[in-house]
1. Of everything in the range 148-183 that's touching a Leu at 6+ places or on another chain (Cβ under 7 Å) and part of a loop (DSSP other than H, G, I, E, B), which residue is surrounded by the fewest Cβ atoms within 10 Å (Cβ to Cβ)?
2. Could you tell me whether Asp119 is surrounded by fewer than 20 Cβ atoms within 10 Å (Cβ to Cβ), touching a residue at least 40 places away in the same chain (Cβ under 8 Å) and part of a helix (DSSP H, G or I)?
3. Of the conditions (1) in contact with a helix residue (DSSP H, G or I) (Cβ under 9 Å, 6 or more places away or on another chain); (2) modelled with pLDDT under 95, Pro65 satisfies every one except a single condition; which number is it?
4. Hey, among Arg186, Arg145, which residue is touching a strand residue (DSSP E or B) at 6+ places or on another chain (Cβ under 7 Å) and surrounded by fewer than 17 Cβ atoms within 10 Å (Cβ to Cβ)?
5. Check the range 10-23 and report whether any residue there is acidic (Asp, Glu), farther than 27 Å from Gly223 by Cα and modelled with pLDDT of 95 or more.
6. Considering only the range 245-264, state which residues are surrounded by 17 or more Cβ atoms within 10 Å (Cβ to Cβ) and without any contact (Cβ under 8 Å) to a residue 40 or more places away in the chain.
7. Give the residues of the range 40-49 that are surrounded by fewer than 19 Cβ atoms within 10 Å (Cβ to Cβ), in contact with a strand residue (DSSP E or B) (Cβ under 9 Å, 6 or more places away or on another chain) and under 21 Å from Gly117 (Cα atoms), sorted by residue number.
8. Search the range 200-235 for residues being outside any loop (DSSP other than H, G, I, E, B) and surrounded by fewer than 17 Cβ atoms within 10 Å (Cβ to Cβ), and hand back the single one that is farthest from the chain's Cα centre (by Cα).
Amino acid sequence: MYSDRETYAQPPLVLVAGEIRFSDAPRVRQQETLDAISIAFDRRFPVSAPLGGVNLVAAGPGAAPQLAQRRGVVLRNAEGTEALTATPTSLSYETTDYRGFAAVRDVLADGCRTLTGLDVRPALTRVGLRYINEVRVPEPPADVRGWSRWIEPALLGPLSLADRPVTRGIQGAATFDLDRGSLNARYAAFTDGATNVPAHLRRRPFTPGPVFGLDFDGFTEFGANPVVLLDADVVAELLPALHAAADSAFQRSITEDARALFRGTGTASALGTAGAVMGRHGV
């Protein structure tokens, strides 16, 4: 078992997302508020666009749901690798160019301060932090059992049920209790495919082919008693434990050969031609 936290030069991270959910905040439907949020972050996120699409809204007992225009703003950096989205019920940050946990924590805390500075103080309902990894290796295994060189063999345990080739993949999930929240862990081996990255973000290039996905989603939920209002300090206090849980689960899911690959000391880069893209896992 590998318990150390480690920064990798070439991590398999594809998408990192932090999200704060809260009770409905009508002020965030006002264009004046959305403009103020855009102005507050215009140096880091110079590209601003209204949130598109519609939501289904319940119209009452016996009445058919109605369509309502989604309100919010999506702020994006010039490179298209990170975005901050504000809606009447959530504040989220996503990036395909992860620069460490502190960067995620700080932008979410800054977003909270911006909202509360605009008199937006709804009740918190959920704080979450998610890491999605795609493990791609120089010589992908033809049989799923071959992933045991890179992936902790315990995740491949069900393959022992039959002494037959497995070429179509394997998947599994578990939910772990944390001191203040939960961690959803999902894993899967695919013969091909890729993570669906939000349309407003650009993901790094990759070589198509077999991939092993590791998805860790930590979160804390809030009830109605007592009510906890949106507060940057509360969010900043919760995020480190969610990050630590996800990082520990990731480290326990990979082998020494995978670590060598992500350090850049293995037989080839885990990121292929995109190995120069900056990123960290375990910071």
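The values are calculated or read from the model by the stated rules, or taken from the named source; none is laboratory data. Quick caveat: nothing in here was measured; it's all calculated off a predicted structure. Cβ atoms come from the backbone with ideal geometry, glycine included; neighbour counts cover every protein chain shown.
1. Arg180
2. Details: surrounded by fewer than 20 Cβ atoms within 10 Å (Cβ to Cβ): yes; touching a residue at least 40 places away in the same chain (Cβ under 8 Å): yes; part of a helix (DSSP H, G or I): no.
When the stated conditions are applied, Asp119 does not pass them.
3. (1)
4. Numbers: Arg145 fails: touching a strand residue (DSSP E or B) at 6+ places or on another chain (Cβ under 7 Å).
None of the other options fit; the residue is Arg186.
5. The first filter runs over the range 10-23 and keeps only residues acidic (Asp, Glu), leaving 19.
Applying the additional criterion that residues be farther than 27 Å from Gly223 by Cα yields none.
No, the range 10-23 contains no residue that is acidic (Asp, Glu), farther than 27 Å from Gly223 by Cα and modelled with pLDDT of 95 or more.
6. The answer is none; no residue qualifies.
7. Asp42, Arg44, Pro46, Ser48
8. Pass one, the range 200-235, residues outside any loop (DSSP other than H, G, I, E, B): 211-221, 229, 232-235.
With the extra rule that they be surrounded by fewer than 17 Cβ atoms within 10 Å (Cβ to Cβ), the set shrinks to 221, 229, 233.
Values: Glu221: 17, Leu229: 24, Asp233: 21 Å.
Restricting to residues being outside any loop (DSSP other than H, G, I, E, B) and surrounded by fewer than 17 Cβ atoms within 10 Å (Cβ to Cβ), the top hit is Leu229.
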